[in-house]
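A short worksheet on the structure shown next.
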Amino acid sequence: MHENLIEPSTGASSGLVKSVERRVYRPEYELSYLDVDGAPEGSPGKVVVVCLGGKGINDAKYLTARIPKTVPLYAWDEEFIAKPSDKNTMDQYNGGVTTRSQCFSIDDLAAQALNNAELLLVTFGLGGKFGADNANTLAKLAALNGIPVVTFATRPFSFEGARQPLAERSYKALGDHTFARSLCDNDSLIELLGEKVKVSEAFHVEHQWTAHKILGITALFALNQVHEMRHFMAVGARLLMGYARALGDQRARLAFEAALQCPLLPSDWKERPQHVQILLTSGITPSQGEIDEVERMAQRVLSPSVPLKTHGVEDRRMGEWLYVTLFVFENP
């Protein structure tokens with residue numbers, strides 16, 4: 001463990017951070033910047049986020065204060081129309097959250113969400129039919145309009161046995177219409193955080209992963225990388241993410257080395273990548289020297305045939321921390 005990677009646990013999130021540190025999650029994998037006020041400003045491009053089903057509603061409540069306010073955010077669940085009080089709760093959040101009281105069908109939602117969109121990001125759980133089915137329909141409609149779709153799905157716990165076959169079918173079906181698919185296995189939360197972890201803590205970490213992915217993909221879109229990748233990537237690519245953070249003069253090297261070992265990446269991920277995008281993010285835009293250093297290290301790790309690009313972006317919430325995030329795209 002590098003001592004200069006450790007950040008004291010302070011603030012409202014300290015209880016979660018401490019519980020995570022006692023288990024598998026090390027401090028270099030914390031995403032505590034997401035609990036700092038002040039989402040990025042500026043126009044990231046015409047990116048739209050849609051959160052579907054019960055899981056999507058919880059995503060929306062977490063995301064709306066953490067992604068740029070210039071990114072439209074829609075949330076839709078079948079129960080919202082019967083619970084006006086939920087709409088009142090959602091209306092307290094910023095970001096233009098839409099509930100089913102305003103969208104009565106998937107076509108209605110698509111008409112709003114896809115209007116002028118150039119990239120669609122969809123979150124949902126695979127355990128039920130509402131989120132998965134509507135995500136598939138929305139992806140089809142987006143594809144017909146030439147809009148790339150990136151999905152962020154969660155697979156149900158193994159003890160939810162009856163939901164597993166449906167989850168697998170739903171996930172495979174998405175491959176025909178999506179640019180990339182990111183999958184979080186709920187069982188991995190237990191494996192990483194320990195069997196005694198509270199469900200609320202586990203889901204908080206999962207929400208952080210989703211938010212970090214969405215912020216990264218939004219940044220890549222603003223850098224015009226999504227449209228570039230579409231020219232040579234297969235439809236339905238698998239999207240993996242590994243990340244880490246570090247402080248100090250050697251922060252680029254330390255963060256990159258830790259990102260390679262991120263527990264979200266499978267042990268054999270370097271054998272199958274179709275494309276890799278690397279984001280360096282800090283409170284002040286990372287230096288060109290840091291960007292070049294990480295690019296050189298990545299070139300030594302990856303096969304020369306793997307397309308690789310490295311970028312530096314700013315997120316003031318990170319302060320002096322440098323986050324290195326690997327976005328690995330694999331053939332379906």
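What's the Kirkwood radius of region 237-330 in Å, using all Cα pairs?
13.1 Å
Roughly speaking, what % of Cα-Cα pairs in region 206-246 are separated by over 16 Å, rounded to a whole number?
When every Cα pair of region 206-246 is considered, 47 percent fall beyond 16 Å.
So what are the ³J(HN,Hα) numbers for region 301-308, from phi and the Karplus equation (6.51, -1.76, 1.60; θ = phi - 60°), rounded to whole Hz, Gly and Pro as x?
Working through the residues one at a time gives 8, 9, 5, x, 7, 8, x, 9 Hz.
If the chain between residue 331 and residue 270 were fully stretched, how many nm would it gain, using 0.36 nm times the residue separation less the Cα-Cα distance?
Residue separation times 0.36 nm, minus the Cα-Cα distance, leaves 20.7 nm.
Which distance in Å, rounded to a whole number, links the C-alpha centroids of region 186-231 and region 268-332?
After rounding, the separation between the Cα centres reads 16 Å.
May I ask you to compute the full-extension gain from residue 36 to residue 301, defined as 0.36 nm times their residue separation minus their alpha-carbon distance, rounded to one decimal in nm?
Between residue 36 and residue 301, full extension yields an extra 92.1 nm.
No lab work stands behind these numbers, since they all come straight from the coordinates. As the structure is a computational prediction, the values presented were derived from the model and not from experiment.
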